[in-house]
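The values are calculated or read from the model by the stated rules, or taken from the named source; none is laboratory data. Keep in mind the model is a prediction, meaning the values are calculated, not measured. Using ideal geometry, Cβ is built from the backbone for each residue, glycine included, and neighbour counts are taken over all protein chains shown.
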Amino acid sequence: MTRTTSNVGGCLHDQGMWCPYDHAAAQGIRVVYQSQPERGRWYPRPRIIALSYNLPPTLERCVLAHELGHAHHGHGCDTDAAEREANQWAAGHLLTAEQVAAAARAYPDHPGRWAVDLSVTPKLLLTWLRTPGNYDHADRLYREAA
């Protein structure tokens with residue numbers, strides 16, 4: 001059984017965050033929910049992203065953003081390079097240097113808390129931090145506010 005819906009995981013507009021559900025709709029990509037072994041999968045020909053049922057909201061948001069990264073890059077198959085590209089695309093859309101710097105200011109001694117506050121998975125936060133230029137930009141904003 002497949003369920004089609006939009007925005008089940010919720011957007012965080014009130015926190016000034018990018019919304020993957022709005023992005024999917026704007027790109028003409030249908031998001032469906034079904035029982036499947038993967039958390040998410042991009043189907044290019046029908047322009048559908050299938051997500052597993054019952055993902056926690058933060059994980060659902062990150063998986064959807066990752067699959068949108070596959071759509072953006074025109075990936076049609078899974079390779080390590082395609083997975084890295086999709087993760088970087090998702091992290092770049094879900095996070096900004098300003099948001100990461102604010103989380104660092106709020107919890108300077110608890111970086112594990114940053115992902116929770118930013119509504120992303122730790123893996124996507126690490127991907128963002130490891131993307132060239134991102135850490136330095138956030139660090140500069142953090143120091144300027146101190």
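Numbers at a glance
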quantity: Residues located in the stretch 102-146, provided they are among the small types (Gly, Ala, Ser) and within 27 Å of residue 72 (Cα to Cα); calculated: 115, 119, 133, 138
quantity: Every pair of residues 6+ apart whose Cβ atoms lie under 9 Å, when the first sits in the stretch 21-38 and is in contact (Cβ under 8 Å) with a residue 24 or more places away in the chain while the second is among the hydroxyl-bearing types (Ser, Thr, Tyr) and assigned to a helix (DSSP H, G or I); calculated: 31/21
quantity: Matching residues, the stretch 39-56, being closer than 19 Å to residue 89 by Cα and touching a residue at least 24 places away in the same chain (Cβ under 8 Å); calculated: 39, 40, 41, 42, 44, 47, 49, 50
quantity: Filter pass, residue 126 being in contact with a Pro (Cβ under 8 Å, 6 or more places away or on another chain) and surrounded by 13 or more Cβ atoms within 10 Å (Cβ to Cβ); calculated: no
quantity: Of the criteria (1) at pLDDT below 95; (2) closer than 15 Å to residue 18 by Cβ; (3) not polar (S, T, N, Q), which one residue 111 fails; calculated: (2)
quantity: Members of the stretch 30-69 found to be over 20 Å from residue 124 (Cα atoms) and surrounded by 22 or more Cβ atoms within 10 Å (Cβ to Cβ), listed by number; calculated: 31
